[in-house]
Amino acid sequence: MSYLLHLDSSSVGTASVSRQVANSFLEAWTGEVVHRDLAATPVPHLSAAGVSARVTDPAQHTAEQAEAAAVQDELIAEFLGASAYLFTVPLYNRTMPSVFKAWLDQVIVDGRTTSRSGEAPAAGRPALVISARGGGYGPGAPNHGKDFLVPTLECVLADPTLFGLDVSFLTPELTMAPMVPAISHLVPLHEASLAEAHEQARLRAEKITQQLAA
């Protein structure tokens, strides 16, 4: 076992439900953790220099290309060095926070983290995405079908032509119920969803630890 790469992307720090559920995972995790808080220290958005650096001989890099390549090299090495992944990615405006998308754009590099001709380097490694959301997005809810985070990350993280991770999701819902009078009657559903997420986070940590030790 190497380490767990833990990425946070919530903008609200310790008040984040996604981070709180992640803490339950971490309490049950027994191995090394490498943590990167993308909200506190965002990675740069992918630039023209970053794109061109990927197809330019490093000996010919401009100063801007060299700087952009150094950022990508650091993030890719960190990603590939992990044996498991914990991503907290709350649902913002029906999709992911931009800081997490920026990280994805920096590390998705054909021939390094993805492969068109064979298995990606991290294929099969376990990953858990914790994505809290203020409303309800399950069957029968008014927002059902409007979650564009889980389907996108399921495709990007699990697609065998991209990362090919063994990814699962925990989505504690209705986090705004205790604060918004109009949906306060849904507080019991929120509490049940949150309790289940905490329990499942602990169980996933134990399961992944056992998988990696086998």
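Quick look at the numbers
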read-out	value
Per-region count, the range 25-34, residues at pLDDT 95 or above, of a type outside the set (Val, Ile, Thr) and surrounded by 13 or more Cβ atoms within 10 Å (Cβ to Cβ)	4
Conditions (1) under 26 Å from Ile76 (Cα atoms); (2) open to solvent by 40 Å² or more (accessible area, probe 1.4 Å); (3) assigned to a loop (DSSP other than H, G, I, E, B): number failed by Phe163	(2)
Considering residues of the range 179-214 that are part of a loop (DSSP other than H, G, I, E, B) and open to solvent by 80 Å² or more (accessible area, probe 1.4 Å) only, the residue nearest to Gly136 (Cα to Cα)	Met179
Residue list for the range 126-151, filter: surrounded by 15 or more Cβ atoms within 10 Å (Cβ to Cβ) and under 20 Å from Trp103 (Cα atoms)	Pro126, Ala127, Leu128, Val129, Ile130, Ser131, Ala132, Leu149, Val150
Any hit, the range 110-123, residues being open to solvent by 10 Å² or more (accessible area, probe 1.4 Å), free of Cβ contacts under 8 Å to residues at least 24 places away in the same chain, assigned to a helix (DSSP H, G or I) and not acidic (Asp, Glu)	no
Residue match in the range 78-86 (condition: within 30 Å of Val180 (Cβ to Cβ), open to solvent by less than 60 Å² (accessible area, probe 1.4 Å) and at pLDDT 95 or above)	yes
Qualifying residues in the range 166-178 (those that are in a loop (DSSP other than H, G, I, E, B) and among the β-branched types (Val, Ile, Thr)) - the one least open to solvent (accessible area, probe 1.4 Å)	Thr175
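The values are calculated or read from the model by the stated rules, or taken from the named source; none is laboratory data. Just so you know, these numbers come straight off a predicted model, no measurement behind them. When we count neighbours, we look across all protein chains shown, and the Cβ atoms used for this are built from the backbone with ideal geometry, even at glycine. Protein only, heavy atoms only, side chains kept; ligands, DNA and RNA dropped before computing areas. Shrake-Rupley method; radii C 1.70, N 1.55, O 1.52, S 1.80 Å.
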